[in-house]
1. Is it true that D155 is within 15 Å of L134 (Cβ to Cβ) and of a type in the set (D, E)?
2. Being surrounded by fewer than 22 Cβ atoms within 10 Å (Cβ to Cβ), closer than 16 Å to V196 by Cβ and touching a strand residue (DSSP E or B) at 6+ places or on another chain (Cβ under 8 Å) is true for just one of R161, R128. Which residue is that?
3. Can you work out which of the residues in the stretch 1-35 that are modelled with pLDDT under 80, part of a helix (DSSP H, G or I) and of a type in the set (D, E, K, R) is farthest from G204 (Cα to Cα)?
4. Which residue, of A225, A192, A297, A234, is modelled with pLDDT of 95 or more, out of contact with any helix residue (DSSP H, G or I) (no Cβ under 8 Å at 6 or more places or on another chain) and not polar (S, T, N, Q)?
5. Tally up the residues in the stretch 147-162 that are part of a loop (DSSP other than H, G, I, E, B) and either of a type outside the set (G, A, S) or under 20 Å from A266 (Cα atoms) (or both), please.
6. If you take the residues in the stretch 178-193 that are charged (D, E, K, R) and in contact (Cβ under 8 Å) with a residue 24 or more places away in the chain, which one is farthest from A274 (Cα to Cα)?
7. Given T109, T75, which one is of a type in the set (S, T, Y), modelled with pLDDT under 90 and not assigned by TED's automatic domain parsing to the domain that holds P186?
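The values are calculated or read from the model by the stated rules, or taken from the named source; none is laboratory data. Fair warning: this is a prediction, and the values are worked out from it, not measured in the lab. In this analysis, Cβ positions are derived from the backbone assuming ideal geometry, glycine residues included, and neighbour counts consider all displayed protein chains.
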Amino acid sequence: MAIYFEFLDRRGLNWSEVGMPEMASFSAHLRGTNRAYPTPNLVLLPKAEARRSPASVQRAVTAVFGFYDFHADTTMGQVLMRSRQQRLGLRHQIGSNPRRMVAAKVPTTIKPSLTAEELAVVIGTPARWRDRLLLALMGLNGMRVGAVLGLRHEDIGLRKRVLRIVPREDNANRARAKRRSLLTLPLHDSAAGLYVRYLDEEYGDWDSDYVFINLWAGEIGSPMAYDSVRALVARTSRATGIPFTAHVLRHTFATLLRRGGAEMEAVSQLLGHASVETTRSTYVHTTVEDLRRNLAAVGGE
């Protein structure tokens, strides 16, 4: 975003008044400059550092689109983004400070799924946007760890709020999506917002196709590995006092969908299952309170 505002300032433009021509100029500006020398008036010699890659340009433009999505009443927002109702729920819970909450004593057993309140605390606990996004994709989109680690920037359609699960055999971190075919799913609004913050405030100008890369430890710039996710889950569990695993977040996603009234077939599709029976027998957990609500619905209470 700093590059974008510098671009606007040099041209005397107000961010709330730009349109498609200005965005096209910004994209061209990104393609014509490099990371070390972003000034548009600088002439690059043949041996100078290579210009930005298409992936870097795409990430920068994606971050700008996300910025305008949060200001959809501007001219640019009306042109590029469809109007959206005010986002409620988990995004506001995630924005609070969960560290002020008193953590309960950690139970000796892990529940098959979390409550919506526990999920919000888990996602909101890590200090870094990357880690919040990773947990959100598992808890709010039901993704497996392998699919998350193999995620590429091209798999996220931020403007249309879609997410593609692509089976790949060449992931540098050996991540596997488990599926054998492409799956396109809706991207949760809260996850989309976290992705924008991650790109803008942490990812920077790293030239990587992978969404999740090492930024503070390990081989910097390389894709995150399974061990990093396990360590993140363990840290978050200790910090919150909520015992969970990465797969519990996927179970939670399915269970909360069903409690919210989603049809079993829809839940199965969102999880990427080939069989509804797999979803019914493995991922959806019924509690005493669920049964109590069913009784109340037929006059049982």
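1. So D155 fits the description; yes.
2. None of the others qualify; the one that does is R161.
3. E17
4. Among A225, A192, A297, A234, only A234 is modelled with pLDDT of 95 or more, out of contact with any helix residue (DSSP H, G or I) (no Cβ under 8 Å at 6 or more places or on another chain) and not polar (S, T, N, Q).
5. Residues flagged as part of a loop (DSSP other than H, G, I, E, B) and either of a type outside the set (G, A, S) or under 20 Å from A266 (Cα atoms) (or both) within the stretch 147-162 amount to 5.
6. It comes out as D189.
7. Every option except T75 fails the conditions.
For every residue, the table says whether it meets (1) in contact with a Leu (Cβ under 7 Å, 6 or more places away or on another chain); (2) in contact (Cβ under 8 Å) with a residue 40 or more places away in the chain.
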position	(1), (2)
R161	yes, no
R164	yes, no
E169	no, no
R176	no, no
Y195	yes, yes
D207	no, yes
N214	no, no
S222	no, yes
A234	no, no
